[in-house]
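What follows draws every value from the coordinates through simple rules; no lab data is involved. Keep in mind it's a predicted model, so treat the numbers as computed, not measured. Cβ: placed from backbone, ideal geometry, glycine included. Neighbour counts: every protein chain shown.
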Ligand SMILES: [Zn+2]
């Protein structure tokens with residue numbers, strides 16, 4: 001903790017007017033800008049934490065300096081987060097940052113589906129892209145084809161960012177009738193309760 005605070009102090013004080021930590025942080029706010037680097041290879045410019053995929057930009061209102069940091073540091077040091085001109089409470093700020101991560105994940109799924117639709121001229125894939133844009137979900141049939149083809153085309157994607165819908169009886173029936181090896185293609189996109197459903201329908205948990 002000692003070195004963590006020291007690292008933070010060394011990064012923020014030279015860019016701030018105040019010369020103590022809590023005071024300096026009062027000059028900073030989250031700008032609303034985020035960046036998805038697609039791979040978890042980035043560093044928090046405040047505390048030096050590595051392995052970040054997402055950056056959140058904070059800016060000092062006096063010096064205009066900005067830093068790309070992890071959301072953990074914004075929450076840890078209570079850096080101001082605004083929504084519609086109103087400063088959020090720490091709990092609301094946390095929710096807001098989580099919402100932004102969800103949005104970046106959704107965008108990353110759409111990008112993968114767009115790449116796939118460009119790579120292969122197929123009605124089911126362009127249909128899946130259209131369906132995902134509207135519903136933010138894939139049907140089980142779409143999910144199998146999408147993950148199979150994403151892998152085949154070596155298109156970078158994270159299956160756990162995707163959502164699958166089982167809300168209609170038809171989708172449950174499709175899932176029940178599907179070969180287990182096909183269900184495994186989109187296993188990571190299923191929620192824990194959807195996985196339980198799949199097991200009740202006779203599918204097995206993939207071993208990996
Ligand atoms: Zn940090």
Exercise. If you line up the long axis of helix 140-152 against the longest principal axis of the chain, both from Cα atoms, how many degrees apart are they, to the nearest 10?
Worked result: 70 degrees
Seminar exercise, completed: Computed from the beta carbon distance with a Förster radius of 45 Å, FRET efficiency for residue 121 and residue 38 to the nearest 0.05 stands at 0.95
Exercise. By how many degrees, between 0 and 90 and to the nearest 10, does the Cα long axis of helix 123-135 differ from the longest principal axis of the chain?
Worked result: 50 degrees
Problem set entry | Under 16 Å from the residue 65 label point (7 Å along Cα→beta-carbon), backbone N, the range 13-35 | 13-30
Exercise. Average projected area of the Cα convex hull of the range 1-112, in nm²?
Worked result: 7.2 nm²
Problem set entry | Choice from 91, 18, 119 showing the highest fluctuation, given a GNM over the chain with Cα pairs closer than 10 Å | 91
Exercise. Reported to two decimal places, what Rg/Rh ratio describes the chain when computed on Cα atoms with Rh from the Kirkwood expression?
Worked result: 1.10
Problem set entry | Relative contact order (percent, whole number), the chain, Cα cutoff 8 Å, 6+ residue spacing | 12 percent
